[in-house]
Amino acid sequence: MSKTGRLIILSGPSGVGKSTIRDLVMEKSPIPLNLSVSATTRKPRGQEKHGVDYYFFTEEEFRTQRENDGFLEYKEVFGKNVWYGTLRSEVEHHLQAGRWVMLEIDVDGAYDVVKTYPDAITVFIAPPSLEILEERLRSRGTEAEDAIRNRLSRAKYEIERSTFYKYRVVNQDLNRAVDEFCHIIYQENQAGEKK
Ligand code: 5GP
């Protein structure tokens, strides 16, 4: 029987450098990875494209997917009636075909996915400290004070909630964090080969 693929779940607070790490790991991973594109009811930002960054759904489209059991998990991430969800169609056929899939989702979504896929490789990207995360959020210079406060309190929640992740990678130095992540994938693959 051929082997099924593995799921990699990447999470981390806003401002930690998650998307940069994700893109570099997708490029440098020792195992080819398929990135799962999530669905969301939030509006596109900047250059974001439907089907590439997210599937931008209306609330009704999102509800229909829910009712049709189209989601592996879904969450209202910032508690403001903005929904995010992992589509089964982005994940299941790849795993069945033996391909690896990367999900970038929040800690609560990750918790649910692990119930279905206990052997998922969970990686939490942590900042060197909350003070450094705050500095990084401020230096972007794009957000108002209350938005920064919100993101910091959400970051605290995510860090506290992240104890169930198998791996923690501290983003002190970008290249080192990417290397560490790729090494985790390499080791997990080696361990799987021996089974
Ligand atoms: P943003 O709106 O900045 O792209 O993402 C906000 C948050 O939503 C991030 O923490 C991201 O990881 C999370 N997120 C993106 N897609 C999903 C998803 O499909 N499910 C869950 N639970 N969270 C998601």
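With the requirement that a residue be closer than 21 Å to Ala120 by Cα and either among the acidic types (Asp, Glu) or more than 17 Å from the chain's Cα centre (by Cα) (or both), what does region 146-172 give you? Glu158, Glu160, listed by residue number. Of the candidates Leu95, Leu24, Leu35, the single residue that is within 14 Å of the ligand (Cβ to nearest atom) and either of a type outside the set (Lys, Arg) or out of contact with any Gly (no Cβ under 9 Å at 6 or more places or on another chain) (or both) is Leu35. On inspection, Asn81 passes the criterion of being more than 13 Å from the ligand (Cβ to nearest atom) and closer than 22 Å to Ala155 by Cβ.
Out of curiosity, is Arg136 away from the ligand (no atom under 13 Å from the Cβ) and under 21 Å from Pro30 (Cβ atoms)? Spelling it out, it is not the case that Arg136 is away from the ligand (no atom under 13 Å from the Cβ) and under 21 Å from Pro30 (Cβ atoms).
Under the condition of being acidic (Asp, Glu) and either surrounded by 17 or more Cβ atoms within 10 Å (Cβ to Cβ) or closer than 20 Å to Gly109 by Cβ (or both), the residues counted in region 26-65 number 4. Only one of the numbered conditions (1) away from the ligand (no atom under 14 Å from the Cβ); (2) without any contact (Cβ under 8 Å) to a residue 40 or more places away in the chain is not met by Lys166, and that is (2).
Scanning region 96-114 for residues that are farther than 19 Å from Arg161 by Cβ, open to solvent by 10 Å² or more (accessible area, probe 1.4 Å) and either of a type outside the set (D, E, K, R) or modelled with pLDDT under 95 (or both) turns up Gln96, Ala97, Gly98, Trp100. Close Cβ contacts (under 6 Å, 6 or more residues apart or on different chains) running from residues in region 69-85 that are without any contact (Cβ under 8 Å) to a residue 12 or more places away in the chain to residues that are of a type in the set (A, V, I, L, M, F, W, C) comprise Glu76/Trp83. Within region 168-177, the set of residues being closer than 15 Å to Pro13 by Cα and open to solvent by 40 Å² or more (accessible area, probe 1.4 Å) comprises Arg168, Val170, Gln172.
Taken together, Thr163, Thr122, Thr142 contain a single residue that is among the polar types (S, T, N, Q), open to solvent by 80 Å² or more (accessible area, probe 1.4 Å) and modelled with pLDDT of 90 or more, which is Thr163. Does Arg136 meet the test of being modelled with pLDDT under 95, within 20 Å of Asp23 (Cβ to Cβ) and either outside any helix (DSSP H, G or I) or not aromatic (Phe, Trp, Tyr) (or both)? So Arg136 fits the description; yes.
If you go through region 80-95 and keep only what is open to solvent by 60 Å² or more (accessible area, probe 1.4 Å) and either at pLDDT below 95 or not polar (S, T, N, Q) (or both), you end up with Lys80, Asn81, Arg88, His93. Where residues in region 38-56 are more than 16 Å from the chain's Cα centre (by Cα) and closer than 10 Å to Tyr84 by Cβ, which of them is farthest from the ligand (Cβ to nearest atom)? In this case the residue turns out to be Thr41.
The values are calculated or read from the model by the stated rules, or taken from the named source; none is laboratory data. What you see is a predicted model; the values in this text were computed from it and never measured. Cβ: placed from backbone, ideal geometry, glycine included. Neighbour counts: every protein chain shown. Please note that ligands, DNA and RNA were not included when accessible areas were found on the heavy atoms of the full protein model with its side chains. Shrake-Rupley method; radii C 1.70, N 1.55, O 1.52, S 1.80 Å.
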